[in-house]
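Please read the structure below before turning to the comments.
The values are calculated or read from the model by the stated rules, or taken from the named source; none is laboratory data. Since we're looking at a predicted model, the values are computed, not measured. With ideal geometry, Cβ positions are generated from the backbone for all residues, glycine too; neighbour counts draw on all protein chains shown. When the accessible area is computed, the model is the full protein with side chains, heavy atoms only, and any ligands, DNA or RNA have been set aside. Shrake-Rupley method; radii C 1.70, N 1.55, O 1.52, S 1.80 Å.
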Amino acid sequence: MNSISKTLYEMTLAERSSLLDTVATALEATAEEAEGQGDARFASNSTCVANTIRGMSGGFGPRDLAAAELLLEQGIMLVHQFSNRKTAATLH
């Protein structure tokens with residue numbers, strides 16, 4: 001992992017698709033965990049963002065990159081929030 005990171009605009013279509021798929025998969029796993037813990041709202045939000053990301057990954061033009069960037073940010077933040085919440089719960 002010594003390579004220089006790229007923006008969405010610099011990535012190839014295959015790289016973008018892989019990134020979108022990775023974030024959507026992480027969101028789906030988060031949704032399953034949240035549902036198992038009884039947090040239906042968080043599970044629903046994670047599932048909705050994952051489905052929206054999956055819908056975009058089929059192919060998009062340059063004008064859609066800004067929307068993809070926002071969805072990725074939201075998805076990553078949801079996974080991060082859930083991860084931090086789990087860590088905080090085990091510390092207490």
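Evaluate the relative contact order of the chain (contact order divided by residue number), counting alpha-carbon pairs under 8 angstrom at least 6 apart; express in whole percent. All intermediate terms of the calculation are to be shown ahead of the outcome.
Details: 68 pairs, mean separation 29.5, N = 92.
Once normalised by length, the contact order is 32 percent.
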Exercise for the section: Go ahead and set up a Gaussian network model of the chain, Cα springs under 10 Å, then flag whichever of Arg54, Arg16, Arg63 fluctuates most. Expected result: Arg63
Problem - Rounded percent of accessible protein surface that carbon and sulfur make up, the chain, 1.4 Å probe - result: 57 percent
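Determine the dipole magnitude for the chain: charges of +1 sit on the beta-carbon of Lys and Arg, -1 on that of Asp and Glu, nothing else is charged, the reference point is the Cα centre, and the result goes in debye to the nearest 20.
Working: 7 positive and 11 negative charges, 25 e Å.
Around 120 debye, computed over the chain.
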Practice task
Skip the ligands, DNA and RNA, and give the accessible area per residue of the chain with a 1.4 Å probe, whole Å².
Solution key: 67 Å²
Practice task
Principal axes first, then extents: for the Cα atoms of the chain, list largest minus smallest coordinate on each axis, whole Å, largest first.
Solution key: 43, 31, 17
